[in-house]
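The values are calculated or read from the model by the stated rules, or taken from the named source; none is laboratory data. Here the structure is a predicted model, which means the values were calculated and not measured. Every residue, glycine as well, gets a Cβ built from its backbone with ideal geometry; the counts of neighbours run over all protein chains shown.
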Amino acid sequence: MRLSRYFLPVLKEDPKEAQIVSHRLMLRAGMIKQQAAGIYSWLPLGFKVLRRIEAIVHEEQQRVGHIPLLMPTLQSADLWRESGRYDDYGEEMLRIRDRHKRDLLYGPTNEEMITDIFRGHVNSYKDLPLTLYHVQWKFRDEMRPRFGVMRGREFLMKDGYNFDLTREDALHAYNRHLVSYLRTYERMGLQAIPMRADGGPIGGDYTHEFLVLAETGESEVFYDSAITDLTFGDREIDHDSHAACQAVLEEFTSRYARTDETHDEAIFAQVPEERRRSARGIEVGQIFYFGTKYSEPMGATVVGPDGSRVPVHMGSHGIGVSRLLGAIIEASHDDKGIIWPEGVTPFHVGIVNLKQGDPSTDSACEAIYRDLKARGLDPLYDDRDERAGAKFATMDLIGLPWRITVGPRGLARNKVELTSRRTGEAEEIAAQDAITRLA
Ligand code: ATP
Ligand code: MG
Ligand code: MG
Ligand code: MG
């Protein structure tokens, strides 16, 4: 993309409404625009990152055998009356009435709808196990939408639902989700710690939240610092193996790590004092096993091996896709702007032309730009007629991991500068070497 033809409405001044750094940087970098409280347009740069995060989520879900589908944002109230949640859910649910006076709602989650799909089409235990998921917009009429996309009212969530014959199989699905979530967050450059949590309106006591430690997080958490030494890395786990997934769960939940809702001072006191931490965290996902909570009232049953009908065991599993942008920025920025982890960056590299209009720098930049694209990379070429300082400031703000700086002085020696956004280290090398380094 050429910056002169892109739509990147960066702000020079700090927006007053932003209280935390990720919100401020997303506004300044021209990634989002608020349309109403907690409701945002995703401008091109923000949309690009959102799509990259979503793509990682899809890849990791499908890696472990989960099947994508798409359910609508609007749901019929009748479904929610069946589960009893239409009355229970309260004011967070946005209720709508259509022209025929039928009650609808903008889905805050999809347990009822997926259970309805399941009961309409699945009859036999032979069709299990089954895990279906989608990435879809949700609406929750949050009391205090704030911090930009971190607590929106309309937000993008990955929500997945497993259907199993037995409790044991459903707990395996739970563990498998934990495994896949660990890899998902790490690919985004995040450490998200599974912590024992509370079921909330989804229900069930068997649940973990995934938290990214950050001062601006809204959750209060307590943990044994030894847990932060764990990384999932590039392990190959057989996701069908109950034992293999169980072992990962045990490894990652063996240390004390709880949100305030389940925090227990007496147990916490057993952690060696120097390792006891209380901190704040951003909830970026949650997994639940809730058994037959929805399948029983809604009649989602299958014929079991002995011929009798039994309600299926279920769980649901959510990732806050749009919230993740905020969480990643909270975890990765400096005073100049965002520092995107390579896995989610909107462009792989920025090209800065120090002397726009100079035939030799222009053609050197063009050649680098075309070569990078030919290698399947996505460069952003700052070809505007701007001062070098302004171009650097924009690149630093939008946080691309690499910058190639091209100017007449370097070119005289056949060199460009390759700069890492994270470390600030710059290297004078031949353009071709910079390109192969990135490819
Ligand atoms: P929170 O405690 O922050 O209100 P939640 O526990 O109500 O979140 P879940 O029902 O567990 O949310 O939904 C799954 C994920 O969706 C959450 O882990 C979070 O990452 C994301 N999420 C929930 N509410 C919002 C919101 N208002 N804006 C953005 N993301 C959200
Ligand atoms: Mg909530
Ligand atoms: Mg929560
Ligand atoms: Mg939650």
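Based on this model, can you work out whether Leu380 counts as under 20 Å from Val344 (Cα atoms), touching a Leu at 6+ places or on another chain (Cβ under 7 Å) and surrounded by fewer than 22 Cβ atoms within 10 Å (Cβ to Cβ)? So Leu380 fails the test.
Evaluate the stretch 182-196: report whether one residue or more is away from ligand 1 (no atom under 16 Å from the Cβ), part of a loop (DSSP other than H, G, I, E, B), within 30 Å of Ile20 (Cα to Cα) and at pLDDT 95 or above. So far as the stretch 182-196 goes, yes, one or more of its residues are away from ligand 1 (no atom under 16 Å from the Cβ), part of a loop (DSSP other than H, G, I, E, B), within 30 Å of Ile20 (Cα to Cα) and at pLDDT 95 or above.
Do we find a residue being at negative phi, touching a helix residue (DSSP H, G or I) at 6+ places or on another chain (Cβ under 6 Å) and part of a strand (DSSP E or B) anywhere in the stretch 258-270? Scanning the stretch 258-270 turns up no residue that is at negative phi, touching a helix residue (DSSP H, G or I) at 6+ places or on another chain (Cβ under 6 Å) and part of a strand (DSSP E or B). Checked against the criteria, Tyr256 counts as modelled with pLDDT of 95 or more, away from ligand 1 (no atom under 16 Å from the Cβ), surrounded by 14 or more Cβ atoms within 10 Å (Cβ to Cβ) and hydroxyl-bearing (Ser, Thr, Tyr).
Looking only at the stretch 140-179, which residues are in a strand (DSSP E or B), of a type in the set (Phe, Trp, Tyr) and within 16 Å of ligand 4 (Cβ to nearest atom)? Answer for the stretch 140-179, where residues must be in a strand (DSSP E or B), of a type in the set (Phe, Trp, Tyr) and within 16 Å of ligand 4 (Cβ to nearest atom): Phe155, Tyr161. Checking each residue in the stretch 40-67 for being assigned to a strand (DSSP E or B) and either surrounded by 14 or more Cβ atoms within 10 Å (Cβ to Cβ) or modelled with pLDDT under 95 (or both) picks out Tyr40, Trp42. Counting only helices (runs of 4 or more DSSP H) that sit completely within the stretch 316-414, those holding 3 or more residues that are of a type outside the set (Val, Ile, Thr), under 25 Å from Gly148 (Cβ atoms) and at pLDDT 95 or above correspond to 321-331, 388-398. Here Leu104 fits the description: surrounded by fewer than 19 Cβ atoms within 10 Å (Cβ to Cβ) and outside any loop (DSSP other than H, G, I, E, B).
Within the stretch 271-289, the set of residues being basic (Lys, Arg) and assigned to a strand (DSSP E or B) comprises Arg276, Arg277, Arg280.
In the stretch 116-129, the residues that are on the phi < 0 side of the Ramachandran plot form Cβ pairs under 7 Å with partners that are acidic (Asp, Glu) and surrounded by 13 or more Cβ atoms within 10 Å (Cβ to Cβ), at six or more places apart or across chains, as follows: Leu128/Asp164; Pro129/Asp164; Pro129/Asp169. Filtering the stretch 178-201 to residues that are within 15 Å of ligand 3 (Cβ to nearest atom), touching a helix residue (DSSP H, G or I) at 6+ places or on another chain (Cβ under 9 Å) and of a type in the set (D, E, K, R) leaves only Arg196. Within the stretch 251-278, the set of residues being in contact (Cβ under 8 Å) with a residue 60 or more places away in the chain and within 16 Å of ligand 3 (Cβ to nearest atom) comprises Ala257, Arg258, Thr259, Glu261, Thr262. Could you please find all residues in the stretch 260-313 being under 20 Å from Thr131 (Cβ atoms) and of a type in the set (Phe, Trp, Tyr)? The answer is Phe288, Tyr289, Phe290, Tyr294.
Annotation note: of Glu142, Glu154, the sole residue that is within 26 Å of Lys33 (Cβ to Cβ), of a type in the set (Asp, Glu) and away from ligand 3 (no atom under 16 Å from the Cβ) is Glu154.
Of the residues making up the stretch 267-290, just one is closer than 30 Å to Gly160 by Cβ, surrounded by fewer than 20 Cβ atoms within 10 Å (Cβ to Cβ) and not basic (Lys, Arg), namely Ala279. Restricted to the stretch 197-223, and to residues there that are within 14 Å of ligand 1 (Cβ to nearest atom) and among the charged types (D, E, K, R), the residue that is nearest to Gly291 (Cα to Cα) is Asp198. Filtering the stretch 79-102 for residues that are touching a Gly at 6+ places or on another chain (Cβ under 8 Å) and not hydrophobic (A, V, I, L, M, F, W, C) leaves an empty set.
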